[in-house]
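Read-outs: derived from the displayed coordinates by stated rules, not from any lab. Given the structure is predicted, the values throughout are model-derived calculations rather than measurements. A quick note on method: Cβ atoms are made from the backbone with ideal geometry, for glycine too, and the neighbour counts reach across all protein chains shown.
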Amino acid sequence: MALQIIFILVAAVTLGAALMTVTSRNLVHSALWLIMSLFGVAVLYVLLNASFLAVAQVVIYIGAIAILIIFGVMMTRRLAIDTSRQINSTWWLAALLSLVFLGGLSWMLSNWDGFWIEAPVMAVNIDPVKQLGAALVAPNLYVLPFELASVLLLAALIGSIIIAYEKR
Amino acid sequence: MTIPLSWYLIFAAALFSVGMFGVLARKNAIAILMGIELMLNAVNVNLVAFWRYRSPENITGQVFAVMVFAVAAAEVAVGLALIISVYRRHKTVVADEINLMKW
């Protein structure tokens, strides 16, 4: 029961913050609401027994990505402090499409047999963090995708430096 | 009483829809990136929820979520570099006004 109350509170806060993110006129406020929303998702990871992902969510999303976005907002500041309309003229079409998408997805999921299943009990002798760490470096599991992800990050790092580099 | 899987799925669907609204309706390119972040988070919640409810003994779901983290970080770094570069040349970050390559 306590878990359910926590879930409902966290989900409501996260969705509210997400709504503020996409509707707020001031982009700095928008970025701060995004941080709150990301934090709510981190709490949901804790509820799902994914402790490593919860920490990674706080470190990577809030610590790196959200800060990067705030930097971007600050560096393009002329529009960030401009509090005129931030949504385009066809926003009602976007809202309609999103609502139709949500309705369609909910309807499709509600027809699925496994929709109301409860969480299976976690075996006490298995530590998901340990398992995840071992799986990421085991040669017969995910060491290759893991290394590919690091190469992708390096390529993105070099690429973004070159793109944003300004010749003096 | 525990939380059924459906709550997570409905929550993720709602978060994805909010992000989709942000991507489709916002004018500012950085705000569009924020919408994309929300959508990626919704997908990640789904991945972890399915891992927990369908196969907690098999860690694949979490590994995939870690990969999504890495791709999201790469995406936002390149996206912001592009936006800053466009801002330097054209003094705008409004997606409608960046029409240099429009025929």
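A few comments on the model shown:
- Overall Cα dimensions of segment B:43-103 - principal axes, largest extent first, Å: 52, 19, 16
- Per residue, chain A reaches -22000 deg cm²/dmol at 222 nm when only DSSP H runs of four or more residues are counted, each adding -39500 (n - 2.57).
- Segment A:1-159 shape via C-alpha gyration tensor axes, a/c threshold 1.5: oblate
- Distance (nanometres) between label positions extended 7 Å along Cα→Cβ at B:Arg88 and A:Val55: 3.8
- Residue of A:Ile158, A:Ile62, A:Ile70 that the Gaussian network model of chain A assigns the largest fluctuation, springs spanning Cα pairs under 10 Å: A:Ile158
- Close Lys pairs in the protein assembly as shown (alpha-carbon distance under 28 Å; sequence gap of 8 or more, or different chains): 5.
- Top of A:Thr90, A:Thr21, A:Thr76 by mean-square fluctuation, Gaussian network on chain A, Cα under 10 Å: A:Thr90
- Gyration tensor verdict on segment B:5-97 (Cα atoms; rounded if a/c is under 1.5, prolate if a/b is larger than b/c, oblate otherwise): oblate
- Rg/Rg_globular for the protein assembly as shown, with Rg_globular taken as 2.2 N^0.38 Å and Rg from C-alpha atoms: 1.05
- Each Cα pair under 8 Å and six or more residues apart adds its separation to the average, and for segment B:5-97 the resulting relative contact order is 29 percent.
- DSSP-assigned coil residues among GluC sites (Glu not before Pro) in chain B, each with at most 11 further Cβ atoms within 10 Å: B:Glu57
- Helix-only arithmetic for chain B: the sum of -39500 (n - 2.57) across DSSP H runs with n ≥ 4, divided by the residue total, places the mean residue ellipticity at 222 nm at -27000 deg cm²/dmol.
- Fewest-first ranking of B:Arg26, B:Arg52, using other Cβ atoms within 10 Å as the exposure measure: B:Arg52, B:Arg26
- Cα shape, segment A:123-168, gyration tensor, a/c 1.5 rule: prolate
- Using a Förster distance of 51 Å, the FRET efficiency for A:Ala123-A:Ile158 (Cβ separation, nearest 0.05): 0.75
- Spatially, segment B:1-80 and segment A:38-77 are offset by 12 Å when compared through their Cα centroids.
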